[in-house]
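Only the coordinates and a few stated rules stand behind these numbers; no lab work does. What you see is a predicted model, and the numbers here were worked out from it, not measured in a lab. Heads up, the Cβs are rebuilt from the backbone with ideal geometry, glycines too, and the neighbour counts pull from every protein chain shown.
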Amino acid sequence: MPSKFEVTWDYLCPFARNAHEHLVAALQAGAGWETRFRFFSLAQAHTPEGQEPVWSEPTSNPGVLAGFAGIVVRDRYPENFFDAHLALFSARHDESKDLRDPAVVEAALNGVGLDGSAIVDEARGTWPAEVARKEHEESVQRWDVFGVPTFIADEKAVFVRLMHRPGGDAKLAERSIERVLDLVDEYPELNEYKFTRVGR
């Protein structure tokens, strides 16, 4: 099982929210993984060839401004990243807010003790867009990433859909991620496994 890996995110995706809640819960409880969080834009992935890329207009494309804000927090305030990361997912999926609205992103960041206005101002600058573009393009070119969450370990990349949230259970969170990592590392022959019905 790999102890060092990356996981893609876009705040638009409910399955990314599930996986990242598991990751954060496990890491905060002491899971010994070296994990990097990599932004991947679903809006850019669905932009037709020849159209303007999303990087230059973050407030016009779903998830992009929030993603840039996540990059600012990840790279400038790493000690606050987990809280901000979950807050931005929550704004989209628990509160049904529009992440194109700077006020929504600011409020989510303010709610975890950050200066949301300053972070959104920085997110609308040039460097977060460039970081986002590079991370997204490398994901596509190097690993053929097409969605979130994708777990990346060395040259293996696996798109995953976890159907449940950890609900504050760190042991469940760690077990869930370990199952994913075991499959990534030890059973690449299993390319697709999907229940035809989801029991609820």
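Quick rundown of the values:
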{"quantity": "Euclidean distance between Cα centres, the range 23-70 to the range 160-197, Å", "calculated": "21 Å"}
{"quantity": "Translational diffusion coefficient (Stokes-Einstein; Kirkwood radius from C-alpha pairs) of the chain at 37 °C, 0.692 mPa s, in µm²/s", "calculated": "191 µm²/s"}
{"quantity": "D10, D94, D101 arranged by Cβ crowding within 10 Å, fewest neighbours leading", "calculated": "D94, D101, D10"}
{"quantity": "Residues T47, T35, sorted so that the one with the fewest Cβ neighbours within 10 Å comes first", "calculated": "T47, T35"}
{"quantity": "Dipole magnitude (debye, nearest 20) for the chain, charges at Cβ of Lys, Arg, Asp, Glu", "calculated": "580 debye"}
{"quantity": "Where labels lie 7 Å past Cα in the beta-carbon direction, separation of S3 and F15 in nm", "calculated": "3.0 nm"}
{"quantity": "Linear extension gain, A107 paired with D169, 0.36 nm per residue minus alpha-carbon span", "calculated": "19.6 nm"}
{"quantity": "Local electrostatic count, F39, Cβ distance below 13 Å [Lys/Arg +1, Asp/Glu -1]", "calculated": "-2"}
{"quantity": "Candidates V131, V105, V64, ranked by Gaussian network fluctuation over the chain, Cα under 10 Å, top entry", "calculated": "V131"}
{"quantity": "Footprinting exposure proxy for F15, F81, F40 (fewest neighbouring C-beta atoms within 10 Å first)", "calculated": "F15, F81, F40"}
{"quantity": "GluC sites (Glu not before Pro) within the range 1-54, DSSP loop, no more than 15 other Cβ atoms inside 10 Å", "calculated": "E49"}
{"quantity": "Helical mean residue ellipticity (222 nm; -39500 (n - 2.57) per DSSP H run of 4+; nearest 500) of the chain", "calculated": "-15000 deg cm²/dmol"}
{"quantity": "For the chain: relative contact order, % (alpha-carbon pairs under 8 angstrom, 6 or more apart)", "calculated": "32 percent"}
{"quantity": "Low-density loop positions, trypsin sites (Lys or Arg not before Pro), the range 123-167 - DSSP coil, at most 15 other Cβ in 10 Å", "calculated": "R161"}
{"quantity": "Two-site label geometry, T196 and K156: point separation in nm, points 7 Å out along Cα→Cβ", "calculated": "2.9 nm"}
